[in-house]
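The values are calculated or read from the model by the stated rules, or taken from the named source; none is laboratory data. Keep in mind the model is a prediction, meaning the values are calculated, not measured. Neighbour counts run over all protein chains shown; Cβ positions are idealised from the backbone, glycine included. Ligands, DNA and RNA are excluded from the accessible area calculation, which covers all protein heavy atoms including side chains. Shrake-Rupley method; radii C 1.70, N 1.55, O 1.52, S 1.80 Å.
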Amino acid sequence: MAEAADRDPDPAPGADPDPGSEDHKGPLTIYLVKQLEQAIRSFMDEALRPYGLTTSHYTALTVLLHRGELSSAQLARRSFVRPQTMHEIVRALEERGLIERAHAPGNRRIMEARLTQEGEELLAECAPAVQKLEDRLLLDMPEKQRSAFRQGLEDGLASLTGRQHG
C-alpha cells in the first residue's frame, strides 16, 4: 500500500506509462528527442544571436545553400515550418539581403528564393559557432557511439517519413 502511495499518479508528459514494456525505464525515446531538439534550438538561437539570425533563419539559409533555388512552400517543408512562418522568414532574409527571389523559369506564379553572396558569407561566419555546438553535443560520446547515434536518428527519420535521409 505504501508502495502505491509513493508512485507519481501523473507521470511527466511523454513518460513511458509502462517502463518495462521495452526493457527501459524513464521517458519515451520521442520525449527525449523532443527535449534534445528544444535544447539544441535554445543553444543555436544563443549562438546565432550575434549574427542577427534565429535557428529558423539559419535552417532556411542552409537548406538554400544545399538545395539551390526553392519556392517558399518547398523551403518550408525542408525547414520544418509552416508555409505562413516561412513567408515571414523569407521576407526577413530578403530585407537583409541574404536571399533574393525571382520568378521560377516556366511558371511566373511561383517565386523561388536563392542565397545571395552576402547570405553565403554570413553562413560561413556562423559555421564555427554551429560546429562548436555540434562538438559540444557529441563531446562525451566515443566515435563509435557517435556513428550509431547519427545512424539511429537517420533510421528513425526514415521510418517516420517513409523516405531515406541523406
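Brief remarks follow.
- Solvent-accessible area of residue 135, all protein chains in place: 80 Å² (probe radius 1.4 Å, heavy atoms, ligands and nucleic acids excluded).
- Using the Karplus relation 6.51 cos²θ - 1.76 cosθ + 1.60 with θ = phi - 60°, the per-residue 3J(HN,Hα) values for segment 155-160 come to 5, x, 4, 4, 4, 6 Hz, with x marking Gly and Pro.
- Computed accessible area, residue 95, all protein chains, 1.4 angstrom probe, square angstrom: 140
- Converting phi to 3J(HN,Hα) with the Karplus coefficients 6.51, -1.76 and 1.60 and the offset θ = phi - 60°, segment 32-49 yields 5, 4, 5, 4, 4, 4, 5, 5, 4, 4, 4, 5, 5, 4, 5, 5, 8, 3 Hz in sequence order, with x at every glycine or proline.
- Coupling constants for segment 136-151 follow from the phi torsions by the Karplus curve (6.51 cos²θ - 1.76 cosθ + 1.60, θ = phi - 60°), and in residue order they are 5, 4, 9, 3, 8, 9, x, 3, 4, 5, 4, 4, 5, 4, 4, 5 Hz; glycine and proline get x.
- The calculated FRET efficiency for residue 35 paired with residue 84, based on their beta-carbon distance and R0 = 35 Å, is about 0.85.
- Under a 5 Å amide H cut-off, with hydrogens placed 1.01 Å from N, residue 70 pairs with 113 among residues at least 5 apart or on other chains.
- Working from label points 7 Å from Cα in the Cα-to-Cβ sense, the residue 66 to residue 121 distance is 2.5 nm.
- Site pair residue 77 and residue 153 shows an inter-label distance of 2.3 nm when each label is modelled 7 Å from Cα along Cα→Cβ.
- Distance from the C-alpha centroid of segment 27-45 to that of segment 68-136: 23 Å, rounded to the whole angstrom.
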